[in-house]
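K.L.:
This is the structure I want to talk about, given as structure tokens.
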Amino acid sequence: MIFSKAGFGGAVADFEAAVVAQDAKRSGKAFIRLQETFGRAKETELFAGGPRLAAVLEQVPPSPRAVVAVLVGACVERGADAERCAPGVLAGLRAALEGAVAFGEAWAATGGGAFPVPDGGEPGEEIVGRTGFEAAVGWWTLSQWEMAAVALLNHRAVRAGLDGEAVRAGLDDATVRGQAGSGRGELLRLLTAVEQASGQELRCLSYALQVLDDEPLVVLHRPSATGYLLRLSGIGDNFQLHTLLADALIGGGHVAGRAPSPQEVAVCRETPGQVETAGSFELVAPDGGRLWNEGTPADIPVVDGVRLLVLDEPSYARSWPAGRFFPGMRGDLILERALEPEETERWFARVSPAGELTG
């Protein structure tokens, strides 16, 4: 077979044509060339190649499909249009999660035991015999689908598109922010089922699916008895939130404490890298439960339609490298206004008194 063009662009064109024609031999050769030429691809080839590969993902055989999805994600990381690539990759992610759920059910029904660890190849005959091929491939390729999907979920427009599925399903804004129903919520439901069955955590995918955008947040600072309305977007974990809260409230002169440096704040927004920082608060749920820095803003409970967070004095000294859980995702936290004393008092009436932390 003579390829029409050299390089990644030529490999994409030939793979695309072979997949559409269901020419297994030709697509196999082009599949190898995709991987061999990606590292030398020009920007124009990546920009065009990502969406073209994403568009034919559904027609690619199950085993190589996940590798092609990873290539699509890599194209997006280097500038390809994430929104155009999203439908194919996220549909593949959902199919892989559904397959992994079926794998868990079949695995339990045929004797159970520890889930096998995918080795990078294809599942063996014994595995396939117990669970079926599609279910086995779903579990075997799930980490690759996680990698591909997270690359796309770094983009706010892709996350908004998933939320849009819930809007089209007739869910209200509060439910959409809670990621219930369709879109992100369905992917999270499937992911939770897989994690429970396998005992393994796909933390990056879980956190990416829980990222909040344009989310109102009421914060009560207990030591000063003051309250604030903020709005957060693109924050991957509570370490990042913690630093940005300290910047908005302490750095903004609203409460006393240690303000993070400009460098610490910058790496939590969009500057690459990490900078050592220290804790300024104890993050507390309205019921008095501890909210860990290792968690996400989605862990903050919703009270009367708004997420409500209490800040106490830190119970012990803690430091960590400030930065972003998702280096490719821009994070932001905006202080909209300080609450009036009457508003603050009403919100404080909804939280447990200060005491020993739980959780």
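The values are calculated or read from the model by the stated rules, or taken from the named source; none is laboratory data. As the structure is a prediction and not an experimental result, all values here were calculated from the model. FYI the Cβ positions are ideal-geometry reconstructions off the backbone, even for glycines, and counts take in every protein chain you see. Just the protein is used for accessible areas: all its heavy atoms, side chains included, with ligands, DNA and RNA removed. Shrake-Rupley method; radii C 1.70, N 1.55, O 1.52, S 1.80 Å.
K.L.:
Quick one: would you say Pro123 is surrounded by 17 or more Cβ atoms within 10 Å (Cβ to Cβ), modelled with pLDDT under 95 and either closer than 25 Å to Leu209 by Cβ or β-branched (Val, Ile, Thr) (or both)?
P.N.:
no
K.L.:
Let me ask something else about it. Identify, from the list Val19, Val56, Val72, Val76, the residue that is surrounded by fewer than 21 Cβ atoms within 10 Å (Cβ to Cβ) and modelled with pLDDT of 95 or more.
P.N.:
Of the residues listed, the single one that is surrounded by fewer than 21 Cβ atoms within 10 Å (Cβ to Cβ) and modelled with pLDDT of 95 or more is Val56.
K.L.:
Hey, another quick one. Any chance you could count how many residues in segment 26-35 are open to solvent by 50 Å² or more (accessible area, probe 1.4 Å), more than 28 Å from the chain's Cα centre (by Cα) and in contact (Cβ under 8 Å) with a residue 12 or more places away in the chain?
P.N.:
2
K.L.:
From the set of residues in segment 36-46 that are under 15 Å from Cys75 (Cβ atoms) and not in a loop (DSSP other than H, G, I, E, B), which is nearest to the chain's Cα centre (by Cα)?
P.N.:
So, considering only residues that are under 15 Å from Cys75 (Cβ atoms) and not in a loop (DSSP other than H, G, I, E, B), the one nearest to the chain's Cα centre (by Cα) is Leu46.
K.L.:
Only one of these conditions is not met by Glu270: (1) of a type outside the set (Phe, Trp, Tyr); (2) open to solvent by 60 Å² or more (accessible area, probe 1.4 Å); (3) touching a residue at least 12 places away in the same chain (Cβ under 8 Å); (4) over 23 Å from Leu209 (Cβ atoms). Which number is it?
P.N.:
Of everything listed in (1) of a type outside the set (Phe, Trp, Tyr); (2) open to solvent by 60 Å² or more (accessible area, probe 1.4 Å); (3) touching a residue at least 12 places away in the same chain (Cβ under 8 Å); (4) over 23 Å from Leu209 (Cβ atoms), Glu270 misses just condition (4).
K.L.:
Quick check: is even one residue across segment 88-102 over 17 Å from Leu202 (Cβ atoms), of a type outside the set (D, E, K, R), out of contact with any Pro (no Cβ under 9 Å at 6 or more places or on another chain) and buried (at least 21 other Cβ atoms within 10 Å of the Cβ)?
P.N.:
Within segment 88-102, not a single residue is over 17 Å from Leu202 (Cβ atoms), of a type outside the set (D, E, K, R), out of contact with any Pro (no Cβ under 9 Å at 6 or more places or on another chain) and buried (at least 21 other Cβ atoms within 10 Å of the Cβ).
K.L.:
Now, a different point. Would you please name the residue that is nearest to the chain's Cα centre (by Cα), looking only at residues in segment 256-297 that are over 17 Å from Leu217 (Cα atoms) and among the hydroxyl-bearing types (Ser, Thr, Tyr)?
P.N.:
Per the stated criteria, the residue is Thr271.
K.L.:
Among Gly49, Gly79, which is more than 23 Å from Gly138 (Cα to Cα) and not in a helix (DSSP H, G or I)?
P.N.:
Gly79
K.L.:
Can you name the condition, by its number, that Val176 falls short on among (1) open to solvent by 40 Å² or more (accessible area, probe 1.4 Å); (2) within 30 Å of Ala338 (Cα to Cα); (3) at pLDDT below 95?
P.N.:
Just one mismatch for Val176, condition (1).
K.L.:
Only one of these conditions is not met by Pro223: (1) at pLDDT 95 or above; (2) open to solvent by less than 60 Å² (accessible area, probe 1.4 Å); (3) not in a loop (DSSP other than H, G, I, E, B). Which number is it?
P.N.:
With respect to (1) at pLDDT 95 or above; (2) open to solvent by less than 60 Å² (accessible area, probe 1.4 Å); (3) not in a loop (DSSP other than H, G, I, E, B), Pro223 is out only on (2).
K.L.:
Of (1) outside any helix (DSSP H, G or I); (2) closer than 20 Å to Val150 by Cα, Ala114 satisfies all except one. Which?
P.N.:
Every listed condition holds for Ala114 apart from (2).
K.L.:
Hey, among the residues in segment 248-265 that are more than 12 Å from Ala322 (Cβ to Cβ) and in contact with a Gly (Cβ under 9 Å, 6 or more places away or on another chain), which one's surrounded by the most Cβ atoms within 10 Å (Cβ to Cβ)?
P.N.:
Checking each candidate, the answer is Leu249.
K.L.:
Can you tell me which residue in segment 192-214 is nearest to Asp299 (Cα to Cα), limited to those that are open to solvent by 10 Å² or more (accessible area, probe 1.4 Å) and assigned to a loop (DSSP other than H, G, I, E, B)?
P.N.:
Asp213
K.L.:
Let me ask something else. Within the group Leu229, Leu245, Leu217, which residue is buried (at least 18 other Cβ atoms within 10 Å of the Cβ) and more than 19 Å from Tyr316 (Cβ to Cβ)?
P.N.:
That would be Leu217, the only listed residue that is buried (at least 18 other Cβ atoms within 10 Å of the Cβ) and more than 19 Å from Tyr316 (Cβ to Cβ).
K.L.:
List the pairs whose first member sits in segment 86-101 and is of a type outside the set (Ser, Thr, Tyr), whose second member is not in a helix (DSSP H, G or I), and whose Cβ atoms are under 6 Å apart, counting only residues at least 6 apart or on separate chains?
P.N.:
Ala96/Thr141
K.L.:
Need a quick list: strands (runs of 3 or more DSSP E) entirely within segment 230-327 having at least 2 residues that are in contact with a Ser or Thr (Cβ under 6 Å, 6 or more places away or on another chain).
P.N.:
Answer list for segment 230-327: 275-278.
K.L.:
Another one. Could you list, in sequence order, the residues of segment 318-359 that are at pLDDT 95 or above, surrounded by 12 or more Cβ atoms within 10 Å (Cβ to Cβ) and basic (Lys, Arg)?
P.N.:
Arg324, Arg330, Arg346, Arg350, listed by residue number.
K.L.:
Then there is this: If only one of Glu343, Glu336 is part of a helix (DSSP H, G or I) and in contact (Cβ under 8 Å) with a residue 12 or more places away in the chain, which one is it?
P.N.:
Glu343
K.L.:
What's the number of the condition Leu153 fails, among (1) modelled with pLDDT of 95 or more; (2) touching a Lys or Arg at 6+ places or on another chain (Cβ under 8 Å); (3) surrounded by fewer than 23 Cβ atoms within 10 Å (Cβ to Cβ)?
P.N.:
Just one mismatch for Leu153, condition (3).
K.L.:
Then there's this: Does segment 103-119 contain at least one residue that is open to solvent by less than 10 Å² (accessible area, probe 1.4 Å) and closer than 21 Å to Gly183 by Cα?
P.N.:
Within segment 103-119 (the criterion being open to solvent by less than 10 Å² (accessible area, probe 1.4 Å) and closer than 21 Å to Gly183 by Cα), the answer is no, since none of the residues qualifies.
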